[in-house]
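Have a look at the structure below before the remarks.
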Amino acid sequence: MTSEVAERVVALLRQRGETVATAESLTGGRVCAALVDVPGASTVVRGGVVAYAADLKVGLLGVPADLVAERGTVDADVAAAMAQGVRDRLGATWGVSTTGVAGPGPSEGKPQGTVHVAVAGPDGVSGELLALSGDRDDVRSSTVLASLSSLVARLGEHLGPRTG
């Protein structure tokens, strides 16, 4: 399923003449990897930043340090700042971000499976809070699919069968 959604993202971005960049924490580069697995992705993928540590989210992506100090890194506004930051810094039309708790166990007082994904584009930033189940790999894989699906939704498409 993830490969099909990644293919859809690449095709839509190509059709629109637009680009994407990723800012990833718990997914460790898997979102960008899913995109670049698609042949021809080099025409739309600008790059990705894996900012696992809080100071890298601040320094590389421009997440406000006071926001991280106040709320931690597993937060909707942090995800939004990551998506906007990677969009700006890598010169992409779209920025996609992931931050959360893959596990095992809780982190920053949040249970395993608590994930925020965000998409920043020309019309602003949208985010989604996910409550995922499963082990660490399940949470990370589900996050990749959710983030790519969020981008497809923002691009104005549906994942169901196409008609007409």
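The values are calculated or read from the model by the stated rules, or taken from the named source; none is laboratory data. It should be emphasised that the depicted structure is a prediction, and the values quoted were computed from it without experimental measurement. Quick reminder, even Gly has a Cβ in these numbers, built from the backbone with ideal geometry, and neighbours come from all protein chains shown. Areas reflect the complete protein model, heavy atoms only, side chains present, ligands, DNA and RNA absent. Shrake-Rupley method; radii C 1.70, N 1.55, O 1.52, S 1.80 Å.
Okay, here's what the table says:
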| read-out | value |
| --- | --- |
| Cβ crowding within 10 Å averaged over residues, with 95-101, 74-80, 51-57 ranked highest first | 95-101, 74-80, 51-57 |
| Cα convex hull of region 1-60, projected area averaged across orientations, nm² | 4.1 |
| For the chain, share of DSSP beta bridges that run antiparallel, in % to the nearest 5 | 60 |
| Of the DSSP H helices in the chain, those whose Cα atoms cover at least 20 Å axially and whose Kyte score averages 0.5 or more | none |
| Over the chain, equivalent-ellipsoid semi-axes from the Cα gyration tensor in Å | 25, 18, 13 |
| Mean accessible surface per residue for region 28-164, computed with a 1.4 Å probe while every protein chain stays in place, in Å² | 47 |
| Additional length obtainable on full extension of the chain from A153 to D55, 0.36 nm per residue less Cα span | 32.2 nm |
| Accessible area (Å², 1.4 Å probe, nearest 10) - D137 | 70 |
| E70 versus R16: modelled label distance in nm, points set 7 Å from Cα along the beta carbon direction | 3.1 |
| Within the accessible area of region 57-164 (1.4 Å probe), percent carbon and sulfur | 52 |
